[in-house]
Amino acid sequence: MARVSDCPECKRPLTGGMVLACLIGFFVVISIANGIMIRAAVTTFGGVETASSYQAGLAYARESAAAQAQNALRWQVKAAVQPSTGKTLVDIDARDAEGRPLSGLQATALLSHPTDRRADQAVVLNEDASGRFRGTVARIAGQWDLVIELSRGGERLFRSRNRVVLQ
């Protein structure tokens, strides 16, 4: 019995044209796969970009000095984030080192998504009483960073970042 490899009519000779076609086909497939991956990476990237590492270093030095000044104040700032019907409530209570409510402050809050800045939610806060701020945003779930800033006369005096899990 004859095998297929022994059949002279069944063998196709390997020609230069066939090698060229296989080589071109290989690179076309690789290029298409790379194009798909590049497009997916560029359209879904929400990461951090630093235009100038020097400026970032200066900003770090300013933040370090601000953190030391904040620690010297020994303020007691407590925050509660809780889901409600169709919205998320943010409640902030700010007191000085002796436990007295702080007055004359402007407060801002941000629910920052840890991996995608495009999903950040700014919270509009209103002062209900001296040192007590409340605000709401649309109902959200998942892990978020609550960033609180308290300032007076345009100067930031307090800043905190805390991870919260909302369900």
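For the stretch 1-147, relative contact order (Cα pairs under 8 Å, six or more residues apart, normalised by length) works out to 18 percent. Net charge in the neighbourhood of GLN106 (other residues with Cβ under 15 Å of its Cβ; Lys, Arg +1, Asp, Glu -1) is +1. Of ASN126, ASN34, ASN71, the residue with the greatest mean-square motion in the GNM of the chain, using alpha carbon springs below 10 Å, is ASN34. If you compute volume of the Cα convex hull per residue in Å³ for the structure shown, which of [x] 102; [y] 166; [z] 245 do you land on? Identified label for the calculated read-out: [z]. Our helix-only sum for the chain, with -39,500 (n - 2.57) per DSSP H run of n ≥ 4 divided by its residues, gives a mean residue ellipticity at 222 nm of -10500 deg cm²/dmol. Counted by Cβ distance under 12 Å from GLY135, the other residues give a net charge of 0, where Lys and Arg count +1 and Asp and Glu count -1.
Take the alpha carbon gyration tensor of the stretch 98-147, find the square roots of its eigenvalues, order them as a ≥ b ≥ c, and report rounded if a/c is under 1.5; if not, report prolate when a/b exceeds b/c, else oblate. It is prolate, given that a/c is not under 1.5 and a/b is the larger ratio. Computed over neighbours whose Cβ is under 14 Å from that of THR44, the net charge equals +2, Lys and Arg +1, Asp and Glu -1.
For the stretch 73-166, a/c is not less than 1.5, where a ≥ b ≥ c are the root eigenvalues of the C-alpha gyration tensor, and a/b tops b/c. That puts it in the prolate class. How tilted is helix 16-44 with respect to the longest principal axis of the chain? Cα atoms for both, answer in degrees (0 to 90, nearest 10). Rounded to the nearest ten degrees, it is 10.
Relative to the dominant Cα principal axis of the chain, helix 53-73 is inclined by about 30°.
Read-outs: derived from the displayed coordinates by stated rules, not from any lab. All values reported here derive from a predicted model rather than from experimental measurement. Virtual Cβ from ideal backbone geometry, glycine too; neighbours counted across all protein chains shown.
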